[in-house]
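Read the structure below first, then the notes.
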Amino acid sequence: MIISNTQEIPGKSIIQFFGVVTGSTVRAKHIGRDIMAGLKNVVGGELTQYTELLSEARGEAIRRMSHQAEEMGANAIVNVRFATSSVAQGAAELFAYGTAVTVE
Amino acid sequence: MDFLSLIITPAMLLGAWISGRALERRHLKNLLLLESGSRGILAVTIEELPKDWHVQSCELVMGNVVISQDYFKRFMASLKGVVGGNIGVFEPLLERARREALIRMKGVAHARGYDTIINVRLETAALASSRSDGKGTAGVEILAFGTAISLSEGTNRRTSLP
């Protein structure tokens, strides 16, 4: 599965469109991580625990999106975008979407 | 009760001020080092490639960072919030975070054997604070992402940019 945030896959041409594919995941913060991040919040700087959490979650969203594209029979996803929203206190939704296509 | 909080709050402010400054300086130093190391990776926000570039393969690459402001600067910002104006203490923080995210994205591309990233986008998202009164943990996430491409031999990246 080729994933790209450009309108076309560079060096290849699109021969078929399958429509929008999406993948999302909602993650809550782990209690242990949250305590550490709370301490870090006083001195400032990077909250490493959250960075990891969000990148794992985004990876999961992308996996779900590509799974959906695979089921449609596509071999690439173009124009991928991301959206993040805070749905509840201490939880975030990571959302990825794009257009499933066949390229050659 | 409030005798104790009279001591604790200034002590926390002072501690946060000192450690926040030290951490910021260290981060800036690191950034300079890492940026000089990732200079070989070309990252551009354009999407359309010059005609003479021949792409062999491509892949989505990302770099993210969650960063938070220290207690002292948050306090200063809340004071500034009363009178309005530029909240100067937040600007360097976001700038550092964006630089860090870009470096991480370039690092991922480099590790996977790519040397060019096109259509780079930067996104900012505020994470909800864990308590309704706005205290508790809060951070800002910066995400940098783009399409890493590898070019066939002999393509000159620098001079053929439009």
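Over the Cα atoms of chain A, Rg to Rh with Kirkwood Rh, two decimal places? Provide the component values of the computation, followed by the final result.
Working: Rg = 16.9 Å, Rh = 15.0 Å.
Across chain A, the Cα-based Rg/Rh ratio is 1.12.
Would you mind computing, in nm to one decimal, how far apart the modelled labels at B:Arg39 and B:Lys80 are, each placed 7 Å from Cα along Cα→Cβ?
3.2
With the dipole of segment A:2-103 worked out from charges on the C-beta (+1 for Lys and Arg, -1 for Asp and Glu) around the Cα centre, which of A:Ala69, A:Leu39, A:Ala83 lies farthest toward the positive end?
Going by the charge dipole, the pick is A:Leu39.
Against the longest alpha carbon principal axis of chain A, how many degrees, from 0 to 90 and to the nearest 10, is the axis of helix A:31-43 turned?
Result, in degrees: 70.
At what distance in nm do the modelled label points of B:Thr155 and B:Phe3 sit from each other, each positioned 7 Å from its Cα along Cα→Cβ?
Rounded to a tenth, the inter-label distance reads 7.3 nm.
Expressed as a rounded percentage, what relative contact order does segment A:2-103 have, with Cα pairs under 8 Å and six or more residues apart? Before the final figure, lay out each step's value.
Working: 182 pairs, mean separation 47.5, N = 102.
Worked out over segment A:2-103, it gives 47 percent.
When only Cα pairs under 8 Å and 6 or more residues apart are kept, what is the percent relative contact order across chain B?
Details: 223 pairs, mean separation 52.9, N = 162.
Once divided by the residue count of chain B, the mean separation gives 33 percent.
What's the local net charge at A:Asn75, with K and R +1, D and E -1, over the other residues with C-beta under 15 Å away?
On the way: positive: A:Lys12; negative: A:Glu8, A:Glu70, A:Glu71, A:Glu104, B:Glu59.
That sum, taken over residues with Cβ under 15 Å, equals -4.
Please give the charge dipole size of segment A:2-103, origin at the Cα centre, charges +1 on K and R Cβ atoms and -1 on D and E Cβ atoms. Round to the nearest 20 debye. Write down the numbers at each step before the final one.
Details: 9 positive and 9 negative charges, 22 e Å.
That gives segment A:2-103 a dipole magnitude of about 100 debye.
How large is the direction-averaged shadow of the alpha-carbon convex hull of chain B, in nm²? List each step's numbers first, then the result.
On the way: hull surface 50.4 nm².
One quarter of the hull surface, i.e. the mean projection, equals 12.6 nm².
Values quoted throughout were computed directly from the atomic coordinates according to the rules given, and no laboratory measurement underlies them. Keep in mind the model is a prediction, meaning the values are calculated, not measured. Here the Cβ is made from the backbone with ideal geometry for all residues, glycine too, and neighbour counts use every protein chain on show.
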